[in-house]
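Since the structure comes first, as structure tokens, the remarks are kept for the end.
The values are calculated or read from the model by the stated rules, or taken from the named source; none is laboratory data. Predicted, not measured: the structure shown is a model, and the values here were computed from it. Cβ placement follows ideal geometry from the backbone for every residue including glycine, while neighbour counts extend to all protein chains displayed. Side chains included, ligands, DNA and RNA excluded: accessible areas come from the protein's heavy atoms. Shrake-Rupley method; radii C 1.70, N 1.55, O 1.52, S 1.80 Å.
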Amino acid sequence: MWRRLLYTPGRSSQSGREFGVLGRVLRAAFCDWNAVLARPGFRTPTATSMQPCTAGGAAAPGTSGSGGQAPHSCRHASRTSKTTVKPGELKKFQALSQKWWDGNGEFAALHALNDLRVPFIRDALLTYSEKQQLGCPLHGFRILDVGCGGGLLSEPLGRLGAMVTGIDPLKDNITTAEMHKSFDPALQEQVQYTACSLEEMAVEATGMFDAVVASEVVEHVGDVETFIRYAAQMLKPGGSLFLTTINKTFLSYVLAIVTAEKILRIVPNGTHEWERFINPDELERLLVSCGFTVETINGMLYNPLFGSWSWSSNAGVNYALHAVKNKIEEQSDFTSETGDRCDNGINQSESSASSTVTL
């Protein structure tokens, strides 16, 4: 019924179909929703405030023993007191693992998001570095794509010259990513995939990457603080962290859950939980407390009628964030603790670390 209201059967427009009554209303009102509902007055306070980073909050990662090469396998990290896993998240995406490269399927919005997030990452990295090579602007950069899924973001970053390591806890996702990569010989040396979590990767590759990317990930992790700590640990001093996620506002509930999941079925029903969204102010405070300086926060707006994204001055629904790891840091208790654990035999895993997932 919704599709019949959204489009008029048998008629075409620039997008291939003529908008029906509901489609015309949505098209006319879309920008008004963003301007009105996303005002600060509509921001909904979080149920629990985000606490600053404290010592002893995560598992003990080890040091890099790969000599600068991207690892192809991960050992399990040692026992953790806090983890990033949220029970049930893996099950949500297990059934979708074969659908990553269907440009018209459940991940169509992520395919379209590359039009924003790839240039966003590229331009920010080039701004903070002298590494530039004509035709391969990201040559010399080592990037970790956390929650890479089927490789939708890893591949274009690799084509720009970066050495990309994509990690995902779902082995089926990595199988899909590896299969798709095999169709492009130019990516064989540029992109490597590993089925493991961020915690497990930290055991092998501390301080190894110029950039860590987590696109549409933090709204699915169990502990954002622990996730950011591990991301910081993976970065070189002065390295960049790129996040895209969903704000916690009334508008985000209306558009990301009610409209996208329940009405238009742009993403599978149940993909998101509004309680897990995080607003930019909270995320920035958390990043600063973990040794980052936030450089950029840009709002993003998705138009479901055209399947396209655009930048917006309003971050009421989706937003992209770029933060830089401080070059001069005091050694935290967390770092000291992880170092002690490494000295005492990090390789003796007592339990598997938990996982992080992406949309």
For this session: Mind ranking Phe242, Phe306 by accessible surface for me, highest first, 1.4 Å probe?
Result: Phe306, Phe242
For this session: Order the peptides 320-326, 109-115 from the highest to the lowest mean number of other Cβ atoms within 10 Å of their residues.
Result: 320-326, 109-115
For this session: Pop a pseudo-label 7 angstrom from the Cα along the beta-carbon direction at both Gln188 and Ala108 and give the gap in nm to one decimal.
Result: 3.5 nm
Problem set entry | Accessible area of Leu241 in the full protein assembly, 1.4 Å probe (Å², nearest 10) | 0 Å²
Seminar exercise, completed: Filtering GluC sites (Glu not before Pro) in the stretch 164-209 by DSSP loop and by at most 14 other Cβ atoms within 10 Å leaves Glu189
Seminar exercise, completed: For 148-158, 119-129, ranked highest to lowest by mean beta-carbon neighbours within 10 Å, the order is 148-158, 119-129
For this session: Return the distance in nm (one decimal) between the two label points of a simple spin-label model at Ser289 and Glu130, each offset 7 Å from Cα along Cα→Cβ.
Result: 3.8 nm
Problem set entry | Accessible heavy-atom area order of Asp210, Asp172, highest first, probe of 1.4 Å | Asp172, Asp210
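How do Thr194, Thr293 stack up against each other in accessible area, from largest to smallest, with a 1.4 angstrom probe?
Thr293, Thr194
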